[in-house]
Every structure is written in C-alpha cells, then in structure tokens.
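The next block holds one structure in the form of structure tokens; read it before the comments.
The values are calculated or read from the model by the stated rules, or taken from the named source; none is laboratory data. Keep in mind the model is a prediction, meaning the values are calculated, not measured. Here the Cβ positions follow ideal geometry from the backbone for every residue, glycine too, while neighbour counts run over all protein chains shown. Quick note on the areas: whole protein, heavy atoms, side chains included, nothing else; ligands and nucleic acids left out. Shrake-Rupley method; radii C 1.70, N 1.55, O 1.52, S 1.80 Å.
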Amino acid sequence: PELMSQLMNSPAVQGLMSNPDIFREFFLNNSQMQGVLERNPEIGHVLNNPQLMRQAMEIARNPALMQEMMRNQDVALRNIESLPGGYSALRRLYSEVQEPMISAAQETFQPGQGGT
C-alpha cells in the first residue's frame, strides 16, 4: 500500500491522472480492451463520463478511500453471491469482464510477459 501511495502521488502520475482522456484513450486504443468494451457497453459509458473517471482516479490516489471502497465492494459481492444465481453471475462477470481487462493491462504494461 505504501509503494502504491507513493507511486500515485508522484508528480508524473498526478499529471497523467489529472486528465481522464488519457485513460480513456488507453482503453480505446487497446484491441483487447476494445473487445471487452464491445461485449460490455456499460463500461464504455463509464469511460465517457468524466465525473466517474475523476472519481475513480481519486479513489486510486487515496488509500483510505480505496480501502473503504473495497470494503463496500466486498459487502456488495457477498450480498450478490447469496442471491439465487448470484455466484454464477459473479463468475461470468469475472471471466467476461475483469479477467480480460487484467490480461489486456498486463500485456500493455508488460509486453511479452503478461496475458493468458
């Protein structure tokens, strides 16, 4: 957490994070991310909403806010999992959205090393 906090608070990262368009372009210029966006248009709506992008960047910069968000997400996931069909929905979400996004990010930042 300390290293991540230092990285997120560095002047170079702060400059990048002050412009949501940079992250939007990252997603739109990556072929794997394009596939994820085509299969999940709701993610595209998030990328096209500057307010949501700024909020996500603020969460990434603030460790306390990140921890709070993670706790809230854990509670929400447990609630979804307890619903009939909830576990299957979460598995689909992981395999169709989260896993491809992680793979695309790894391949972008670690060419030849990441990916599945």
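Counting only protein heavy atoms and a 1.4 Å probe, tell me what percentage of the chain's accessible area is made up of carbon and sulfur. Kindly include the intermediate steps, with their values, before the conclusion.
Numbers: 4720 of 8300 Å².
Carbon-and-sulfur percentage of accessible area, whole number: 57.
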* To do: Can you work out the accessible area per residue across the chain, with the rest of the protein chains kept in place, probe 1.4 Å, in square angstrom?
  => 72
* Structure fact -> Distance in nm between Asn62 and Ile43 label points, each 7 Å along Cα→Cβ, equals 2.6
* Structure fact -> Here the stretch 95-100 yields Karplus 3J(HN,Hα) values (6.51, -1.76, 1.60; θ = phi - 60°; whole Hz; Gly and Pro given as x) of 6, 9, 10, 5, 4, x
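Please state the charge dipole magnitude for the chain, taken about the Cα centre, from unit charges on C-beta atoms (+1 on K and R, -1 on D and E), reported in debye and rounded to the nearest 20. Spell out each step's value before the answer.
Values: 8 positive and 12 negative charges, 28 e Å.
Charge dipole of the chain: 140 debye, to the nearest 20.
In whole percent, what relative contact order does the chain give with Cα contacts below 8 Å and a gap of six or more residues? Could you put the intermediate results ahead of the total?
On the way: 59 pairs, mean separation 29.3, N = 116.
Relative contact order of the chain: 25 percent.
If R0 is 35 Å, what FRET efficiency do you get for Leu93 and Ser10 from their C-beta distance, rounded to 0.05?
Numbers: r = 32 Å, r/R0 = 0.91.
Efficiency at R0 = 35 Å is approximately 0.65.
Which shape class applies to the chain: rounded if a/c is under 1.5, otherwise prolate when a/b exceeds b/c and oblate if not, where a ≥ b ≥ c are the square roots of the Cα gyration tensor eigenvalues? Don't skip to the answer; put the middle values down first.
On the way: a/c = 1.63, a/b = 1.21, b/c = 1.35.
Oblate.
Please work out how much length the chain gains when fully extended from Gln51 to Asp21, using 0.36 nm per residue of separation minus the C-alpha to C-alpha distance, in nm with one decimal. Write down the numbers at each step before the final one.
Values: separation 30, 0.36 × 30 = 10.80 nm, distance 1.16 nm.
Net length gain for the segment: 9.6 nm.
Per-residue ellipticity at 222 nm for the chain, helices alone: DSSP H runs ≥ 4 residues times -39500 (n - 2.57), over residue total, nearest 500 deg cm²/dmol? Can you show the working numbers first?
Values: 9 runs with 90 residues, N = 116.
Here the helix-only value at 222 nm equals -23000 deg cm²/dmol.
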* Structure fact -> Going residue by residue through the stretch 26-32, the Karplus relation 6.51 cos²θ - 1.76 cosθ + 1.60 with θ = phi - 60° gives ³J(HN,Hα) values, rounded to whole Hz and with x marking Gly or Pro, of 4, 5, 6, 8, 9, 4, 5
* To do: Could you compute the FRET efficiency for Ile80 and Ile102, with r as their C-beta to C-beta distance and R0 at 22 Å, rounded to 0.05?
  => 0.65
